[in-house]
Amino acid sequence: MPTCMECKSKAGKHHIIFKGNKSIIVYLPINEVDLCKQCHIKIHSDKDMDYKYKAILQARLQKLLPCEYYCLNSVKSILKLNNLQTKVFSKNVHPYKNGYKSCEIIKYLMGGKLY
């Protein structure tokens with residue numbers, strides 16, 4: 001049974017980038033953390049707590065994408081995207097001659113904002 005990352009009690013999954021966001025990351029496991037019901041409710045009203053977990057997610061993405069550019073197949077493989085998610089990604093992130101910039105990939109996944 002998972003435990004809450006805040007208080008260590010019994011927990012469930014929380015999406016760091018909320019489901020209402022238009023980024024494909026809302027469907028990816030990297031966007032999940034374990035929080036109990038009380039901490040899950042708290043994160044929606046506590047900006048500091050919300051930003052803390054968004055910074056954790058951003059660091060996870062930076063670790064996954066350390067290079068400056070990636071081809072679409074690499075992005076698909078690294079993020080474990082399905083075909084539809086890959087199509088949505090390619091419509092929302094601008095490709096350059098060398099591929100997709102990691103900083104722009106991360107910014108898109110983070111909902112258009114860096115932390």
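Can Ile105 be described as of a type in the set (A, V, I, L, M, F, W, C) and either assigned to a loop (DSSP other than H, G, I, E, B) or surrounded by fewer than 18 Cβ atoms within 10 Å (Cβ to Cβ) (or both)?
Against the criterion (of a type in the set (A, V, I, L, M, F, W, C) and either assigned to a loop (DSSP other than H, G, I, E, B) or surrounded by fewer than 18 Cβ atoms within 10 Å (Cβ to Cβ) (or both)), Ile105 does not qualify.
Of the residues Asp46, Asp34, only one is surrounded by 12 or more Cβ atoms within 10 Å (Cβ to Cβ), free of Cβ contacts under 8 Å to residues at least 12 places away in the same chain and among the acidic types (Asp, Glu); which?
That would be Asp46, the only listed residue that is surrounded by 12 or more Cβ atoms within 10 Å (Cβ to Cβ), free of Cβ contacts under 8 Å to residues at least 12 places away in the same chain and among the acidic types (Asp, Glu).
Scan the range 88-102 residue by residue and report those that are in a helix (DSSP H, G or I) and aromatic (Phe, Trp, Tyr).
Phe89
Identify the residue in the range 16-31 that is buried (at least 19 other Cβ atoms within 10 Å of the Cβ) and not hydrophobic (A, V, I, L, M, F, W, C) and, among all such residues, is farthest from Tyr108 (Cα to Cα).
That would be Asn31.
Go through the range 72-81 and report how many residues are surrounded by 11 or more Cβ atoms within 10 Å (Cβ to Cβ) and either part of a loop (DSSP other than H, G, I, E, B) or at pLDDT below 95 (or both).
1
Just one of Asp34, Asp48 is assigned to a strand (DSSP E or B) and at pLDDT 95 or above; which is it?
On inspection, the qualifying residue turns out to be Asp34.
Return the pair list, or none, for Cβ contacts closer than 7 Å from residues in the range 11-28 that are polar (S, T, N, Q) to residues that are buried (at least 17 other Cβ atoms within 10 Å of the Cβ) and not in a helix (DSSP H, G or I), at least 6 apart or on different chains.
Going by the 7 Å Cβ cut-off, the qualifying pairs are Asn21/Gly111; Ser23/Ile17; Ser23/Gly111.
Starting from residues that are under 13 Å from the mean Cα position of the chain (by Cα) and not charged (D, E, K, R), keep the ones in the range 1-19 and report whichever is modelled with the lowest pLDDT.
Phe18
The values are calculated or read from the model by the stated rules, or taken from the named source; none is laboratory data. Just so you know, these numbers come straight off a predicted model, no measurement behind them. Note: ideal-geometry Cβ built from the backbone for every residue, glycine included; neighbour counts use all protein chains shown.
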